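Enquirer: To start, I am sharing the structure in question, which I have written as structure tokens.
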Amino acid sequence: MKENHTVRCLILSLALVAVPALAQTTVAAKPPQAELSFRAFGDIAMYPRREAPAAVVSLNESRIAAEVAAVIVAMNAEAGQVVDKGAVLARLDARDSSLALERAAAAEASAKARLGLAEAQLRRARELKEKNFISQEALNQRETEVAVVAADARAARAALATARRNLDKCVIRAPFRAIVRARSGQVGELAGAGTTLYTLLDADRLEISAQVPARDAEQLTHVKEIAFVGQDGRHAVSLIRISPAIERAARTREARLRFVGAVVSPGAEGRIEWRDPAAHVPPEYLVRRGTQLGVFVIEAGKARFVPLAEAQEGRPAPAGLKPEARIAAEGRHTLNDGQAVAEKPAEGTRKQ
């Protein structure tokens, strides 16, 4: 019995000595603070591609009409044909206009003759007045006659010019280099003044009309590279102007652009593409804290949560961060705002 008691006392003594050592060992075995990888914002920033539906439009889509009433004697252009500026599109019967021109020329010659006679009589009247052979009233009458005949002569000259213009209007010419969209007149028909003969599209003055979402319209003014993409491939374009008016149904604003190099035929449809000029955080770096989405930025060994107001799940979010800002990467989901972290740099590549 005495030996058993001695053994129990020895075991108890060893246990009391071992407990502090075991506690000390447990504290010493606490794992070190985990390292957190980060990436520079400039290395991971995205510039998302934006696009908007667009179409090539001609600045002039003109309906060429007859200006005088006459029978059509020739139609020289067909639909789909490209005509040069000044090319003869159609001819009208000019016989009536030619006769009107002859009458106007005869009337103008008669007026000139009467004016010459009236001026000669006025000169003679002035000579007689100096010698007191006629009264002042007679001289005034001659001066009035000259003024009236001179007015008639000017009217005759204007009528002659009008007759010449009407004769010229019997030949209908293209006002610009154009694509004939439609031919409406027929040979032998009587074309009244205002009757449409052709519909032309200006082949040189072209613009691109794009319907840009209202939220993207302002950023488009800061974009350096814009492209029109259609069936004919990709073409560089530049912005001309953006309408301040917002289309209520689609919430879009019209942007007008021009081709920098080769142009596309009017009527071509496609889209314009550009890169958002604002740097965006890739969606895989976003974390949610409460009701807000944002990123953790490493500053002075601590994690700081930066909420991004426009952030959406699964989409890049615009962030007004400096390129050198350090964004938490691996382990970011376990962070809390203000938590101390150990940094472990990680290489990253810029995404487009």
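Bear in mind these aren't lab numbers, they're just calculated from the coordinates by the rules spelled out. From a predicted model like this one, the values you see are computed outputs, not experimental measurements. Heads up, the Cβs are rebuilt from the backbone with ideal geometry, glycines too, and the neighbour counts pull from every protein chain shown.
Enquirer: Could you calculate the FRET efficiency of Glu313 with Ser238 from 1/(1 + (r/R0)^6), where r is the beta carbon distance between them and R0 is 30 Å, rounded to 0.05? Write down the numbers at each step before the final one.
Expert: Values: r = 36 Å, r/R0 = 1.19.
That pair, Glu313 with Ser238, gives E of 0.25.
Enquirer: For segment 170-213, state which trypsin sites (Lys or Arg not before Pro) are in a DSSP loop and have at most 15 other beta carbons lying within 10 Å of their beta carbon. Intermediate values should be presented prior to the final figure.
Expert: Numbers: sites: Arg173, Arg177, Arg181, Arg183, Arg205; in loops: Arg177, Arg205.
Within segment 170-213, the qualifying trypsin sites (Lys or Arg not before Pro) (loop, at most 15 other Cβ atoms within 10 Å) are Arg205.
Enquirer: Can you tell me the FRET efficiency between Glu119 and Ser98 if r is taken as the Cβ-Cβ distance and R0 is 35 Å, rounded to the nearest 0.05?
Expert: FRET efficiency, Glu119 to Ser98: 0.65.
Enquirer: While we're looking at this one, here's another question. Taking 0.36 nm per intervening residue step and subtracting the Cα-Cα distance, what contour gain separates Ala151 from Arg304 on full extension?
Expert: Separation in residues times 0.36 nm, less the Cα-Cα distance, equals 45.9 nm.
Enquirer: Pairing the Cα long axis of helix 136-168 with the longest principal axis of the chain, what angle in degrees results, from 0 to 90 and rounded to the nearest 10?
Expert: That works out to roughly 50 degrees.
Enquirer: How about Lys112: which aspartates and glutamates have a C-alpha closer than 15 Å to its C-alpha, ignoring those fewer than 8 places off in the same chain?
Expert: Glu145, Asp152
Enquirer: Can you pull the semi-axes for segment 95-168, root of five times each eigenvalue of the Cα gyration tensor, sorted largest first, whole Å?
Expert: Square roots of five times the eigenvalues give 36, 9, 6 Å.
Enquirer: Continuing with the same structure: List the GluC sites (Glu not before Pro) within segment 270-315 that fall in a DSSP loop (any state other than H, G, I, E or B) and whose Cβ has at most 14 other Cβ atoms within 10 Å.
Expert: Values: sites: Glu273, Glu284, Glu299, Glu310, Glu313; in loops: Glu310, Glu313.
Sparse-neighbourhood loop GluC sites (Glu not before Pro): Glu310, Glu313.
Enquirer: Less than 14 Å apart at the alpha-carbon level, and either on another chain or at least 8 residues along: which aspartates and glutamates does that give for Lys302?
Expert: Partners within reach: Glu35, Asp337, Glu343.
Enquirer: Shifting gears a bit: Using modelled amide H (1.01 Å from N, peptide plane; none on Pro or chain starts), what sits under 5 Å from the amide H of Ala268, excluding residues fewer than 5 places away?
Expert: Answer set, sorted by chain and number: Val56.
Enquirer: Still on this structure, please answer the following. Nothing charged except the Cβ atoms of Lys and Arg (+1) and of Asp and Glu (-1): what's the magnitude of the dipole of the chain about its Cα centre? Round to the nearest 20 debye.
Expert: Working: 51 positive and 42 negative charges, 80 e Å.
The dipole of the chain has a size of about 380 debye.
Enquirer: A further question on this structure: Relative contact order (percent) for segment 112-155, with alpha-carbon contacts under 8 angstrom and 6 or more residues of separation?
Expert: On the way: 25 pairs, mean separation 22.0, N = 44.
Taking the mean separation of contacting Cα pairs over the length of segment 112-155, I get 50 percent.
Enquirer: Just want to confirm a number: the relative contact order over the chain, from Cα pairs under 8 angstrom separated by 6+ residues, in percent.
Expert: Numbers: 663 pairs, mean separation 101.8, N = 352.
About 29 percent, as a whole number.
Enquirer: Then there's this: Which trypsin sites (Lys or Arg not before Pro) in segment 235-318 pass both tests, a DSSP loop state and at most 12 other beta-carbon atoms within 10 Å?
Expert: The qualifying sites are Arg248, Arg251.
Enquirer: Around Arg181, which amide H atoms from residues at least 5 apart in sequence, or from another chain, sit under 5 Å from its own amide H, with H modelled in the peptide plane?
Expert: Those lying under 5 Å, H to H, from Arg181 are Gly80, Thr199, Leu200, Leu201.
Enquirer: Right, something else. Using Cα atoms only, what is the angle between the long axis of helix 2-28 and the major principal axis of the chain, expressed in degrees (0 to 90) to the nearest 10?
Expert: The angle comes out near 20 degrees.
Enquirer: List the residues, sorted by chain then number, that are 5 or more residues from Ala311 or on another chain and whose placed amide H is less than 5 Å from its amide H.
Expert: Amide H neighbours of Ala311, under 5 Å, 5+ apart: none.
Enquirer: Got a sec to turn the phi values of segment 185-196 into Karplus ³J(HN,Hα) couplings, 6.51 cos²θ - 1.76 cosθ + 1.60 with θ = phi - 60°, whole Hz, x for Gly and Pro?
Expert: x, 10, 4, x, 6, 8, 9, x, 4, x, 6, 6
Enquirer: Return the label of the correct value of Cα Rg over 2.2 N^0.38 Å, as calculated from the structure shown, out of [x] 2.22; [y] 1.19; [z] 1.12.
Expert: This structure yields the entry labelled [x].
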